[in-house]
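The values are calculated or read from the model by the stated rules, or taken from the named source; none is laboratory data. This one's a predicted model, so the numbers in the text were calculated from it and none came from an experiment. For neighbour counting, all protein chains shown are included, and Cβ atoms are generated from backbone atoms with ideal geometry for every residue, glycine included. What goes into the accessible areas is simple: the full protein's heavy atoms, side chains included, and nothing from ligands, DNA or RNA. Shrake-Rupley method; radii C 1.70, N 1.55, O 1.52, S 1.80 Å.
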Amino acid sequence: MKLIQSRDNVFFKQLKKLAESGRERRKTGLTLLDGVHLVQAFEAARGLVETLVVAESALETDEISRLTAGRDTVVLADSLMREIGLVDTPSGLLAVVAQPKSRAAVDLENDAVLLDGVQDPGNVGTLLRTAAAAGVRQVLLSSACAAAWSPKVLRAGQGAHFVLDIVEDADLVATVRDYRGTVAVTCLDGAVSLYETRWQTPLAWIFGAEGQGVSPELIAAADLRIKIPMPGAVESLNVGAAAAICLFEALRRRLD
């Protein structure tokens, strides 16, 4: 094992850049996973990670010692692990991995989730996790969304990335135009209650940005406009919560 104690170390500087810079992640095609759960989820789906990085004080913890046994591992002084700053309380384990490339083509005959300008990393990760849990295999993100493979989105996704087909910088309008199923969008104007709407499968859902929602062009192109009844004293839901309600209502109908 190699111990790094200096912030002038070249490898440590690369870790810092990967943690902080989307441009660096795009240039290198690499990203960082934080914590045992993400590393194990990646390896279960994609094979061994390229590089394991462990905080010095975490070497002897049971989970991490089992994971690193017999493998080349870079050890960081605790102060350097904290300086990388992915989370307020570091897990003690990082992995450097190659970002899977986006698919070149969208499957227009299977269920999909389309994200229009969702910029909050936590929301994007939650949406990916929800899609995977509901059995949807492909998620398309417009160019205005948070980067799917950023450390914050990966952390919120909790491993969902590795079982999904993720397409970034997707042309959502073209996808909706060519889709060979039903396209549903959540909005308020001219919308029908989720629980009264009927649809044919396959089904593609469009969920929009925090605040402004789905673009008018996509709303106009959709087959169904759907709203979630909210008899309580609030006017809207977080996009992650709204997506969970819609996706699991669709799943419930399939299971009936």
Checklist entry - Could you give the Stokes-Einstein D for region 143-256 in µm² per second, using the C-alpha Kirkwood radius, 4 °C, 1.567 mPa s? => result 84
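With +1 on the Cβ of every Lys and Arg and -1 on the Cβ of every Asp and Glu, and nothing else charged, how large is the dipole of region 79-216 about its Cα centre, in debye rounded to the nearest 20? Mind dumping the intermediate values first?
Numbers: 10 positive and 15 negative charges, 72 e Å.
Dipole of region 79-216, to the nearest 20 debye: 340 debye.
Just how large is the dipole of region 44-113 about the Cα centre, in debye to the nearest 20, putting +1 at every Lys and Arg Cβ and -1 at every Asp and Glu Cβ? Show your work: numbers first, answer last.
On the way: 6 positive and 12 negative charges, 50 e Å.
The calculated dipole for region 44-113 is roughly 240 debye.
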Checklist entry - At q = 0.17, 0.18, 0.19 Å⁻¹, what is the log10 ratio I(q)/I(0) for region 180-236, with the Debye formula run over Cα points and no solvent? => result -0.55, -0.61, -0.67
Checklist entry - What is the magnitude of the charge dipole of the chain about its Cα centre, with +1 placed on the Cβ of each Lys and Arg, -1 on the Cβ of each Asp and Glu, and no other charges, expressed in debye to the nearest 20? => result 360
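Which value, in Å², gives the accessible area per residue of the chain when a 1.4 Å probe is used on the protein heavy atoms?
Values: 12800 Å² over 256 residues.
Accessible surface, normalised per residue, equals 50 Å².
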Checklist entry - Of K16/K152; K17/K152; K13/K152; K101/K227; K2/K101, which pairs sit farther than 23 Å apart, going by alpha carbon to alpha carbon? => result K101/K227; K2/K101
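Rounded to whole Å and ordered largest first, report the semi-axes of the equivalent ellipsoid of region 211-256 derived from its Cα gyration tensor (root of 5λ). Walk me through the numbers on the way to the answer.
Numbers: eigenvalues 79, 60, 18 Å².
Semi-axes (√(5λ), whole Å): 20, 17, 9.
How much of the DSSP beta bridge set in the chain is antiparallel, as a percent to the nearest 5?
Working: 10 of 37 bridges.
DSSP beta bridges in the chain are roughly 25 percent antiparallel.
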Checklist entry - With every protein chain present, what accessible area does E196 have (1.4 Å probe, heavy atoms only), rounded to the nearest 10 Å²? => result 130
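Determine the order of I219, I245 by accessible area, beginning with the largest, at a probe radius of 1.4 Å.
If we order I219, I245 from most to least accessible, we get I245, I219.
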Item to check | Largest-first principal axis extents, alpha carbons of region 97-196, Å | outcome: 43, 26, 25
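In what sequence, largest accessible area first, do W199, W149 appear using a 1.4 Å probe? Before the final figure, lay out the partial values.
Numbers: W199 40, W149 15 Å².
Descending order: W199, W149.
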Item to check | Inter-centroid distance (Cα atoms) of region 1-22 relative to region 74-115, Å | outcome: 16
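Go through K101, K16 and list them by solvent-accessible area, largest first, probe radius 1.4 Å. Working shown, then result.
Values: K101 190, K16 45 Å².
Ranked list, largest accessible area first: K101, K16.
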Checklist entry - Which one of A134, V106, V163 has its Cα pushed farthest toward the positive end of the charge dipole of region 95-190, where Lys and Arg give +1 and Asp and Glu give -1 at the Cβ? => result V163
Checklist entry - Taking the alpha-carbon centroid of each part, what is the distance from region 143-159 to region 191-256 in angstrom? => result 22
